[in-house]
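Some notes on the structure that comes next.
The values are calculated or read from the model by the stated rules, or taken from the named source; none is laboratory data. The structure presented is a predicted model; accordingly, all values stated were derived computationally and were not measured. Cβ placement follows ideal geometry from the backbone for every residue including glycine, while neighbour counts extend to all protein chains displayed.
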């Protein structure tokens, strides 16, 4: 056991190792059907024969932290681990074209494993984010040798995260491009690239046109970033090779999905859970109060992964918890177990927007709409929420809410606790001076001191004719917010923010209707939000009890 593995084991609170003597085979060449060779490292406890294998495919390297977390730590606990660098990364041949080769490459790797004398005939897959997507890419065709999957903070397709609500996820995509284009630097250059990433990217988020920001960030045009910008239309078949959501229901291996309430993939991860449930599977689902990069989430995922793999690869079924769904209820700060998601006890309750910026279960009275102007030259910023960076998560929104381009609707103090668990959405009656515009909705918890903490949110991008206008010219829109589990405590207030942006989490809507990649013209939008008997705008909350 290395000092590093000892320290990390303690930080992750893993059970004691079975052995400290691990062998590592470096740079194994795995041939692909097109002649490209991908490199892999194999970790195994010395003397162990034909142990179950964990297949981990990654664009982030095979050594350092990833080799320690997914290689050595699992090998010390009685598994083999094959960690492979994805095409075009860390010595593997070919070019990185994210998402589009992972099905073919993953299946070719499985066939190669089957020919190795150390392969026992059984394997599992494990890993977060991109390391989770590649699991879905091979899962349906992997055959009976695939005995288990642990996919955390990920989804079976990345297109909808890239265009959440129809708007381009600028912060996530540009941050990721900078990461993968600088991660193989060494020495001082690597240190400077990591430390300076946030400072370098911040001004670029405001740059137009967007098809120039990749070159400004990394010194060259990045073909896949350009592709993402160009293929923004709903239903564009370009994304089909990177979409495995249609095959999720056919996956028969036991699956444990682990996510976070502030994770960038959460809505689509619970869609994968629903697809498995509808197909008669029994997936496990664990969701904690984590962001995509939270160390606490990583630690919990490591522990849950080990339990799941020991149960399904070593027959230790007693390690499985009884309830398949475990959720951290924020506000109450406690874990709750359920039989399924959404919990069967949750019932939708409408909280209507009121005149005077109130929020109440009562129907609104006659009133004029509230109005604000959204200026893409000064886009409404994002504060916290589901971001890829360290700025993600719950944050005090009090200062943000003082902006004139944000409307807030706030309830009276609660006379008892209110527990909300499940999907959340806002049904709004709106009008805009522009056909191309966005509406952003965010649910916050306001405590007695006035701190307004974001719980969940979502955005919807409008285009001409979608949705169709009501007879009076208003638009009835539904903004799907991130699902959540949160207890609003007695004395706290609910608050709904309504605005037209959260930049740079979402690329600003220029209002001009110009193509996303080349748009430069900025047109302000005059927005109206209605709340009267004919236009009962409301927040729909899944209330327990």
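Let's see how each residue does on (1) under 25 Å from residue 285 (Cα atoms); (2) not in a strand (DSSP E or B):
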| residue | (1), (2) |
| --- | --- |
| 431 | no, no |
| 435 | no, yes |
| 448 | no, yes |
| 476 | no, no |
| 487 | yes, no |
- Filtered residues of region 6-56 (kept if at pLDDT below 95, within 28 Å of the chain's Cα centre (by Cα) and crowded, with 16+ Cβ neighbours inside 10 Å): 8, 9, 12, 14
- Just give me the residues in region 381-410 being surrounded by 17 or more Cβ atoms within 10 Å (Cβ to Cβ), at pLDDT 95 or above and touching a helix residue (DSSP H, G or I) at 6+ places or on another chain (Cβ under 8 Å), in sequence order. 382, 383, 386, 387, 406, 408
- Message: Need the failing condition index for residue 212 against (1) over 30 Å from residue 302 (Cα atoms); (2) touching a residue at least 12 places away in the same chain (Cβ under 8 Å); (3) assigned to a helix (DSSP H, G or I), just the number.
- Response: (2)
- Query: Looking at 516, 481, which is the one that is in a strand (DSSP E or B), at pLDDT 95 or above and either on the phi > 0 side of the Ramachandran plot or surrounded by 20 or more Cβ atoms within 10 Å (Cβ to Cβ) (or both)?
  - Reply: 481
- Note on the structure: Going through (1) more than 27 Å from residue 462 (Cα to Cα); (2) within 22 Å of the chain's Cα centre (by Cα); (3) crowded, with 20+ Cβ neighbours inside 10 Å; (4) not assigned by TED's automatic domain parsing to the domain that holds residue 153 one by one, residue 217 fails only at (2)
- Message: So, in region 411-449, how many residues would count as being surrounded by fewer than 18 Cβ atoms within 10 Å (Cβ to Cβ), in contact (Cβ under 8 Å) with a residue 12 or more places away in the chain and over 26 Å from the mean Cα position of the chain (by Cα)?
- Response: 10
- Query: Residue check, residue 194 against (1) under 22 Å from residue 97 (Cβ atoms); (2) in contact with a helix residue (DSSP H, G or I) (Cβ under 8 Å, 6 or more places away or on another chain); (3) surrounded by fewer than 15 Cβ atoms within 10 Å (Cβ to Cβ), all met but one. Which one?
  - Reply: (1)
- Top-ranked residue in region 235-270 [being closer than 30 Å to residue 215 by Cβ and touching a strand residue (DSSP E or B) at 6+ places or on another chain (Cβ under 9 Å); ranked as surrounded by the most Cβ atoms within 10 Å (Cβ to Cβ)]: 263
- Query: Within region 354-385, which residues are under 23 Å from residue 544 (Cβ atoms) and touching a residue at least 60 places away in the same chain (Cβ under 8 Å)?
  - Reply: 359
- Note on the structure: From the option list 67, 132, single residue qualifying as within 27 Å of residue 246 (Cα to Cα), touching a strand residue (DSSP E or B) at 6+ places or on another chain (Cβ under 8 Å) and outside any loop (DSSP other than H, G, I, E, B) is 132
